[in-house]
Amino acid sequence: MTSLSVETLAADAAEPITSAGNAQLGIAVLAGIAVIVLLITRLKMHAFLALTIGSLALGSFAGAAPADTITSFSAGLGSTVASVGVLIALGAILGKLLADSGGADQIVDTILAKASRGAMPWAMVLIASIIGLPLFFEVGIVLMIPVVLLVAKRGDYSLMRIGIPALAGLSVMHGLIPPHPGPLVAIDALDANLGVTLALGVLVALPTVIIAGPVFARYAARWVDIEPPERMIPQRPSEDLDRRPSFAATLVTILLPVVLMLLKALVEIVVDDPDNSVQRVTDVVGSPLIALLAAVLLGMFTLGRAAGFTKGKLAGTVEKSLAPIAGILLIVGAGGGFKQTLIDAGVGQMILDFSENWSIPALLLGWLIAVAIRLATGSATVATISAAGLVAPLAADMSTAHAALLVLAVGAGSLFFSHVNDAGFWLVKEYFGMDVGQTVKTWSVMETIISVVAMAFIMVLSLLL
């Protein structure tokens, strides 16, 4: 993972598009975020337009040339759509196949039959945690959404009661547990032990996901009591099917990308040789794009053909799956554009400059720096890499356990309070059919709970080890 961390840090250290001082840059960040929030909440402007205008406003307030601001925004939008957008599209195709073939019904009916009403949130957090172990957050979202929405609809649950545990499971895995990229980069930067970090990460993740998931879901459901959005719910097949896929075949199809990505991560850990032929193969088949594409292709047979779909029916299913996600792609892409504008303006360096003279414990310092960069840039990965790089010298004299805890502290800080500059914020908002205020009261608060609770357990462990 050394090459990944070095390349990313080099990219983040590119020449800023503005020469503004830290004070002006801080004001520009607040102004840009305020513009976005006001346009959406007061003027009811579409989030894509609001994010675009907010990015231009940020660059203007920071004193950047309009052309540079446009370049940064366009680059961020393009890279986000090229990565996350393709995954969303493949996930939408897989979700439509699940819905039209009756496979989603099979999964949901089985879950509803096996789990009691009180156990359902716990079942959802367990499923999401397992699925989210090797997956990027966005991939986990697109795999879980059909199941979450259908369970909430069929079981007459509050969407937050079911959705929050699933989101918590995915997010905790993303921030704290290797082989996710963020934790792996931090492990490399801090020269921490992977096995020890994984073991301590699981210890921290278990109570954290319980508190931020099923426990917090009770309160989130009271604050935001909404029904699953009809436009996002996988509909029952338009015609009665003589047969539908088996539960086993449907489960294998859904879990295929999970298995492929986990295999890739395990080979990287065990082999750790980029020139090894096995690792080269798993690097390809375990990439999110190929793993999801493989699931879609497999689903055409295990789901579509199993339900008696003709070639024309399969083509029609794929075509119909893409139209509903056009708005989501634009909004998520614009969120990535706003994030890139923040990064290119030098916000990450501004945070690092402020933190140079903080005289506080290393674990808390790592967490606070990651929190500040996360709030400013919206990127958990940038927050993890930047904070780990800054506190790396402090890890040199640490014990193996405390170096691992420092990795977890940075990862926990990188999850703090996702808001309008995070593409994930808009992804959750659109999939769950919430407005900005509802997304803040549920998703943003949940992310903050994960960050704070995880840090509390990390500090406790630091006293015991």
Could you pull out the residue among Ala47, Ala75, Ala82 that is closer than 29 Å to Leu289 by Cα and free of Cβ contacts under 8 Å to residues at least 12 places away in the same chain? Ala82
Restricting attention to the stretch 85-136, report how many residues are in a helix (DSSP H, G or I), of a type in the set (D, E, K, R) and either more than 28 Å from Gly337 (Cβ to Cβ) or free of Cβ contacts under 8 Å to residues at least 60 places away in the same chain (or both). 4
Checking Ser462 against (1) open to solvent by 10 Å² or more (accessible area, probe 1.4 Å); (2) not in a helix (DSSP H, G or I), which test does it fail? (2)
Examine the stretch 271-278 for a residue that is open to solvent by less than 50 Å² (accessible area, probe 1.4 Å) and among the aliphatic types (A, V, I, L, M), and state whether such a residue exists. no
Unique match (being in a helix (DSSP H, G or I), at pLDDT below 85 and within 30 Å of Ser101 (Cα to Cα)) among Pro257, Pro237: Pro257
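Yes or no: the stretch 361-371 includes at least one residue that is of a type outside the set (A, V, I, L, M, F, W, C), open to solvent by less than 50 Å² (accessible area, probe 1.4 Å) and modelled with pLDDT of 80 or more.
yes
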Qualifying positions in the stretch 153-199 - closer than 18 Å to Ile269 by Cβ, open to solvent by less than 20 Å² (accessible area, probe 1.4 Å) and among the small types (Gly, Ala, Ser): Gly182, Ala186, Ala192
Would you be able to say whether some residue in the stretch 298-315 is in contact (Cβ under 8 Å) with a residue 40 or more places away in the chain and within 22 Å of Ile36 (Cα to Cα)? no
Residue by residue through the stretch 424-454, note down the ones that are open to solvent by 20 Å² or more (accessible area, probe 1.4 Å) and within 21 Å of Ile325 (Cα to Cα). Lys429, Glu430, Gly433, Asp435, Gln438
So for the stretch 182-202 (the condition being within 26 Å of Ile325 (Cα to Cα) and in a loop (DSSP other than H, G, I, E, B)), does at least one residue qualify? no
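Take Val125 and decide whether it is out of contact with any strand residue (DSSP E or B) (no Cβ under 8 Å at 6 or more places or on another chain), closer than 22 Å to Leu260 by Cα and either modelled with pLDDT of 85 or more or not acidic (Asp, Glu) (or both). Write out each step before concluding.
Numbers: out of contact with any strand residue (DSSP E or B) (no Cβ under 8 Å at 6 or more places or on another chain): yes; closer than 22 Å to Leu260 by Cα: yes; either modelled with pLDDT of 85 or more or not acidic (Asp, Glu) (or both): yes.
So Val125 fits the description; yes.
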Quick one: which of Ser399, Ser414 is at pLDDT 80 or above, more than 22 Å from Ile328 (Cα to Cα), open to solvent by 20 Å² or more (accessible area, probe 1.4 Å) and of a type outside the set (A, V, I, L, M)? Ser399
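Looking at this structure, is Ile141 part of a helix (DSSP H, G or I), under 30 Å from Thr310 (Cα atoms), within 17 Å of the chain's Cα centre (by Cα) and among the β-branched types (Val, Ile, Thr)?
Working: part of a helix (DSSP H, G or I): yes; under 30 Å from Thr310 (Cα atoms): yes; within 17 Å of the chain's Cα centre (by Cα): yes; among the β-branched types (Val, Ile, Thr): yes.
Yes.
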Tell me, which helices (runs of 4 or more DSSP H) wholly within the stretch 296-358 include 1 or more residues that are β-branched (Val, Ile, Thr) and within 27 Å of Arg231 (Cβ to Cβ)? 311-322, 326-344
Verdict on Gly316 being open to solvent by less than 50 Å² (accessible area, probe 1.4 Å) and over 30 Å from His419 (Cβ atoms): yes
What are the residue pairs meeting all of these: first residue in the stretch 200-222, first residue open to solvent by 20 Å² or more (accessible area, probe 1.4 Å), second residue aromatic (Phe, Trp, Tyr) and modelled with pLDDT of 95 or more, Cβ atoms under 7 Å, and 6 or more apart or on different chains? Pro207/Phe457
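Only one of these is part of a loop (DSSP other than H, G, I, E, B) and touching a residue at least 12 places away in the same chain (Cβ under 8 Å): Val391, Val420. Name it. Spell out the reasoning first.
Working: Val391 fails: part of a loop (DSSP other than H, G, I, E, B).
So the residue among Val391, Val420 that is part of a loop (DSSP other than H, G, I, E, B) and touching a residue at least 12 places away in the same chain (Cβ under 8 Å) is Val420.
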Residues that are acidic (Asp, Glu) and over 30 Å from the mean Cα position of the chain (by Cα), drawn from the stretch 297-323: none
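So, Ser60, is that one part of a helix (DSSP H, G or I) and open to solvent by 10 Å² or more (accessible area, probe 1.4 Å) or not?
Working: part of a helix (DSSP H, G or I): yes; open to solvent by 10 Å² or more (accessible area, probe 1.4 Å): yes.
So Ser60 fits the description; yes.
The values are calculated or read from the model by the stated rules, or taken from the named source; none is laboratory data. Here the structure is a predicted model, which is why all the values come from computation and not from measurement. Because the Cβ atoms are built from the backbone with ideal geometry, glycine has one as well, and the counts that use them run over all protein chains shown. Keep in mind that these areas ignore ligands, DNA and RNA; they rest on the heavy atoms of the full protein, side chains included. Shrake-Rupley method; radii C 1.70, N 1.55, O 1.52, S 1.80 Å.
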